[in-house]
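Enquirer: Sharing a structure below in structure tokens format, with a few things to ask.
The values are calculated or read from the model by the stated rules, or taken from the named source; none is laboratory data. Quick caveat: nothing in here was measured; it's all calculated off a predicted structure. Ideal geometry is used to build each Cβ from the backbone, glycine not excepted, and the neighbour counts take in all protein chains shown.
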Amino acid sequence: MMMKPVDKIQRYIKDMPSLPTSVAKVIEICDNPKTSPSDLTRVISLDPVLMGKLLKLINSVYYGVNQHITSLARAIIMLGLNTVKNLALSTAVLGNLSHDGKTADGINEMEFWQHSLCVGVTAKLLAEKRNVDHKSIEEYFIAGLLHDIGKIPMNQSIPTDFLAVVKAAEDKKEPLFKTEYKTLGLNHCDVGFMIADMWKLEGAIRDVIVYHHNYSNYKGPHKDILFTIVAANFFVNVEYLQFSGDFNPEPLDVAVFATLNITNDVLSSVRDSLMKEVEKAKVFLHI
């Protein structure tokens, strides 16, 4: 009996590797309000690969640190627990989902990750322009980077079907997530929920993955990050900066820009600096 597309997607996710134990432990201890930098240092030091990746990111042009940092403890103090937690999570997710630029039928994965990177950088720039607490800024970037991860299992497990969905959305001039649901019975937000559930992703990142196309019904505590990613995703799509399968993004609810108080001047400022910042952030695609 031939498997249905939904069954193939579910099997693909079931067969995906778990997040490394060290990363899961990093997330666990960082979510404990009593955690100290020394607690985090001890956990990360037990995983030389993770420690090497974090130090590479910290010393990259993306962070622009004035001097070379070799001490993990110092890096954690400089960046903060939340930023290090999000860096550890992003390295694990990208490592588990990356296929070295492999092209399936639906979307080119290198273009997909470049789109995701653009959304993350745009979200971070919007947050900075709005004077969001600097301790939370990196979460906007990581949430933007990971918002579309539900597309990867669809692209890999049902490539022919997913290509047909992408083409149908283009022909119908319809947002991709709507065509996905009409054709397959679920969309990439639903698939993202399956991934978040399996990897026990929590908080704003989970909510962004699940709700970025259903933001008007969101009642959770992370509305600011969610709306910022929604605005960033729309901006990147309509500016045709990078492509991730959506030829016809859904018009943005005016409440998003109003809620965030994003003006045309803010968007122009983001547009001017975006590609330079994206170049710096590409280090995330090579870790």
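Enquirer: Tally the residues that are among the basic types (Lys, Arg) and either under 14 Å from residue 199 (Cβ atoms) or at pLDDT below 90 (or both), restricting the search to the range 1-33.
Expert: Selection size over the range 1-33: 2.
Enquirer: Another question, then. Would you check which residues across the range 263-287 are within 30 Å of residue 88 (Cα to Cα) and β-branched (Val, Ile, Thr) and list them?
Expert: The answer is 270, 278, 283, 287.
Enquirer: Here is a follow-up. Does residue 24 fit the bill of being farther than 30 Å from residue 184 by Cα, in contact (Cβ under 8 Å) with a residue 60 or more places away in the chain and not acidic (Asp, Glu)?
Expert: yes
Enquirer: Please find, within the range 1-26, the residue that is surrounded by the fewest Cβ atoms within 10 Å (Cβ to Cβ) out of those that are out of contact with any helix residue (DSSP H, G or I) (no Cβ under 6 Å at 6 or more places or on another chain) and β-branched (Val, Ile, Thr).
Expert: 21
Enquirer: Those residues that are over 22 Å from the mean Cα position of the chain (by Cα), surrounded by 13 or more Cβ atoms within 10 Å (Cβ to Cβ) and in contact (Cβ under 8 Å) with a residue 12 or more places away in the chain, I need them from the range 27-39; list them, please.
Expert: 35, 37
Enquirer: On the basis of being touching a residue at least 24 places away in the same chain (Cβ under 8 Å) and in contact with a Leu (Cβ under 6 Å, 6 or more places away or on another chain), does residue 208 make the cut?
Expert: yes
Enquirer: Checking the condition of a type in the set (A, V, I, L, M), buried (at least 21 other Cβ atoms within 10 Å of the Cβ), modelled with pLDDT under 90 and under 30 Å from residue 165 (Cα atoms), which residue from 142, 107, 76 passes?
Expert: 107
Enquirer: Say whether the condition of being out of contact with any helix residue (DSSP H, G or I) (no Cβ under 8 Å at 6 or more places or on another chain), closer than 21 Å to residue 237 by Cβ and in the same structural domain as residue 243 (by TED's automatic domain parsing) is met by at least one residue in the range 149-166.
Expert: yes
Enquirer: Working only within the range 211-251, note down all residues that are surrounded by fewer than 17 Cβ atoms within 10 Å (Cβ to Cβ), part of a loop (DSSP other than H, G, I, E, B) and free of Cβ contacts under 8 Å to residues at least 40 places away in the same chain.
Expert: Correct list: 214, 219, 220, 221, 239, 240, 251.
Enquirer: If you go through the range 43-58, how many residues are more than 13 Å from residue 87 (Cα to Cα) and surrounded by 13 or more Cβ atoms within 10 Å (Cβ to Cβ)?
Expert: Of the residues in that region, 3 qualify.
Enquirer: Sort through 11, 42 and tell me the only one that's basic (Lys, Arg), out of contact with any strand residue (DSSP E or B) (no Cβ under 7 Å at 6 or more places or on another chain) and without any contact (Cβ under 8 Å) to a residue 40 or more places away in the chain.
Expert: Sole residue among the options that is basic (Lys, Arg), out of contact with any strand residue (DSSP E or B) (no Cβ under 7 Å at 6 or more places or on another chain) and without any contact (Cβ under 8 Å) to a residue 40 or more places away in the chain: 42.
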